[in-house]
Amino acid sequence: MALWNFTSHSPIETFQGVNTLTEGLFGVSIIVLLWMTVFFRQSTESNRDRIVAANFVASITAMLFGIIGFVNDFVVGAAIVLFVGSIYLLTSKS
């Protein structure tokens, strides 16, 4: 018996099926890869600005993934903490 029906008709169903097969690690790995991509693409900025931008983009993506059911509640909670932390870093003085 298969864990997932491979005859899905939408990309969201396909991603959710792959996420189910990998026991929730597919969504988290996309978020981590997105964070790394944003962080390393901003090589001309300071480390603080790079971290703020990467946290902000990754947390927004994780919240959207949580809305569509692609990641679990723990990941969404961590994304909210990252979002608040990036807002704090953005508004605080060096």
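Where a number appears in this text, it was derived from the coordinates with a stated rule and is not lab data. Since we're looking at a predicted model, the values are computed, not measured. Counting neighbours? That spans all protein chains shown, and the Cβs are built from the backbone with ideal geometry, glycine included.
Tabulated data for the structure shown
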read-out: Sites matching GluC sites (Glu not before Pro) across the chain that sit in DSSP coil, with at most 11 neighbouring C-beta atoms within 10 Å; value: Glu23
read-out: Loop trypsin sites (Lys or Arg not before Pro), the stretch 46-93 (other Cβ atoms within 10 Å of the site Cβ: 15 or fewer; DSSP); value: Lys93
read-out: GNM top mover of Thr44, Thr61, Thr14 - the chain, alpha-carbon springs below 10 Å; value: Thr44
read-out: Highest-fluctuation residue, Ile80, Ile67, Ile51 considered, GNM on the chain with Cα pairs under 10 Å; value: Ile67
read-out: P(r) of the chain over all Cα-Cα pairs, binned every 10 Å from zero, in whole percent; value: 17, 40, 27, 12, 4, 0
